[in-house]
1. Which of the residues belonging to the stretch 78-136 are charged (D, E, K, R) and at positive phi?
2. Would you please list the contacts, defined by Cβ atoms under 9 Å and residues six or more apart or on different chains, that run from a residue in the stretch 25-40 that is of a type in the set (Phe, Trp, Tyr) to a residue that is in a helix (DSSP H, G or I)?
3. Within the stretch 97-136, restricting attention to residues that are over 12 Å from the mean Cα position of the chain (by Cα) and among the small types (Gly, Ala, Ser), which residue is nearest to residue 16 (Cα to Cα)?
4. Looking only at the stretch 95-135, count how many residues are closer than 22 Å to residue 9 by Cα and surrounded by fewer than 14 Cβ atoms within 10 Å (Cβ to Cβ).
5. Answer yes if at least one residue in the stretch 62-78 is outside the structural domain of residue 40 (by TED's automatic domain parsing), modelled with pLDDT of 75 or more and surrounded by 16 or more Cβ atoms within 10 Å (Cβ to Cβ), and no otherwise.
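The values are calculated or read from the model by the stated rules, or taken from the named source; none is laboratory data. Predicted model, so just to flag it, every value in this text is computed and none were measured. Counting neighbours? That spans all protein chains shown, and the Cβs are built from the backbone with ideal geometry, glycine included.
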Amino acid sequence: MTPERWERIERIYQEAAARPAAERALFLDQACAGDSELRAEVERMLSCGSESGGFLESPAVEVAAQALAEGTGALSPGNRLGPYEIVSLAGVGGMGEVWKARDMRLKRFVALKILPREFTADTERKQRLIREACAA
């Protein structure tokens, strides 16, 4: 997917998400102009956002955010966070830290994004994280 295509999907998603649910179908008809793949991608993101429920409030995220906010326990390799075993720091960016971890239940590697506490109360940042998760 090209950066331009992603920007278009993102823009249409943002505009659709800001509209009442009853108005979205007509908006998507116009905004996607017959591009069924574009519409399907935007609808998938809209669906993901509405189905995500409270995944940001899951215990693993709360525990990590609390520990990082209080400075009582930075994550490090070998630590357990719920069902996840921390493997390594993958990166640090504007929204927080990303850790490579192993999901011990499903026996697979995952990325855990740990947001600073002040970001967890920011609806726009939460929506951005949900879109990011959907896109991944």
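1. Taking the stretch 78-136 first, the residues charged (D, E, K, R) are 80, 85, 97, 100, 102-103, 105, 107-108, 113, 117-118, 122, 124-126, 128, 131-132.
Hit for the stretch 78-136 is 107, nothing else.
2. 27/12; 27/15; 27/16
3. Only one residue tops the list, namely 121.
4. Step one: of the stretch 95-135, the residues closer than 22 Å to residue 9 by Cα are 95, 123-135.
From the residues that got through so far, the ones that are surrounded by fewer than 14 Cβ atoms within 10 Å (Cβ to Cβ) too are 123-124, 132.
Result for the stretch 95-135: 3.
5. We begin by selecting, within the stretch 62-78, every residue outside the structural domain of residue 40 (by TED's automatic domain parsing); these are 62-78.
Those still in the list that are modelled with pLDDT of 75 or more too: 75-78.
If we keep only those that are surrounded by 16 or more Cβ atoms within 10 Å (Cβ to Cβ) as well, we get 75.
The answer is yes, given that some residue of the stretch 62-78 is outside the structural domain of residue 40 (by TED's automatic domain parsing), modelled with pLDDT of 75 or more and surrounded by 16 or more Cβ atoms within 10 Å (Cβ to Cβ).
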